[in-house]
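Here the structure comes first, spelled out in structure tokens, and everything after it is commentary.
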Amino acid sequence: MSDSQPATFRVNTRDEVVSVLISGKANYMNCNDFRVFLNQMLACGRKQFVIDFAQCTGMDSTFLGILAGTAIELREAESPGSLIVQRLSERNHELVANLGLHNLLTVIDESTTAETGHGRTDYDPLSEGVVADTRAVLESHENLVRADASNQNKFEDVISFLKNQVDSKEG
């Protein structure tokens, strides 16, 4: 699967652990339904998530901000939960580490034998829908700063631009 092909998100919610398999490149153009899905699962009280990146060819900061926001919400909950990411490529692992998300997420490598959904085949497709709106992209980037304050310098221009876009639409 090439980097330019849209990502697909397949999910399994039948067990206690919500499992997600990502194929392709996850970015602002295709991750809105994924964000909505995670928010619905959190609203339903789901606390354990495993995201499998074995087929993920890349991701952008908007997608990483969705992961950060979910992990923060799980940690701040009255009854904390966990967000596990597994089978990251070297590049995807580097992206997670460079933004400090490895301190917020549980990163599992190939050598770990914990029961995490690895090898699962019973996924359902997540509907493919609309591109995330400007406010959702802004929130994703703000989540990255909440996850690690050192990300402020990396994303301050993006956040400022997006805030201006949101303000001009609302004003």
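Within segment 64-91, track down each residue that is within 12 Å of Leu105 (Cβ to Cβ), in a helix (DSSP H, G or I) and over 12 Å from the mean Cα position of the chain (by Cα). Listed by number, the residues that qualify are Leu74, Arg75. Taken together, the residues in segment 136-153 that are in contact with a Ser or Thr (Cβ under 8 Å, 6 or more places away or on another chain) and of a type outside the set (A, V, I, L, M, F, W, C) amount to 2.
Looking at segment 60-96 only, could you name the residues that are small (Gly, Ala, Ser) and either farther than 21 Å from Gly24 by Cα or surrounded by 16 or more Cβ atoms within 10 Å (Cβ to Cβ) (or both)? Passing the criteria: Ser61, Gly65, Ala68, Gly69, Ala71, Ala77, Ser79, Gly81, Ser82.
Each reported figure results from applying straightforward, stated rules to the coordinates on display, with no laboratory input. Keep in mind the model is a prediction, meaning the values are calculated, not measured. Virtual Cβ from ideal backbone geometry, glycine too; neighbours counted across all protein chains shown.
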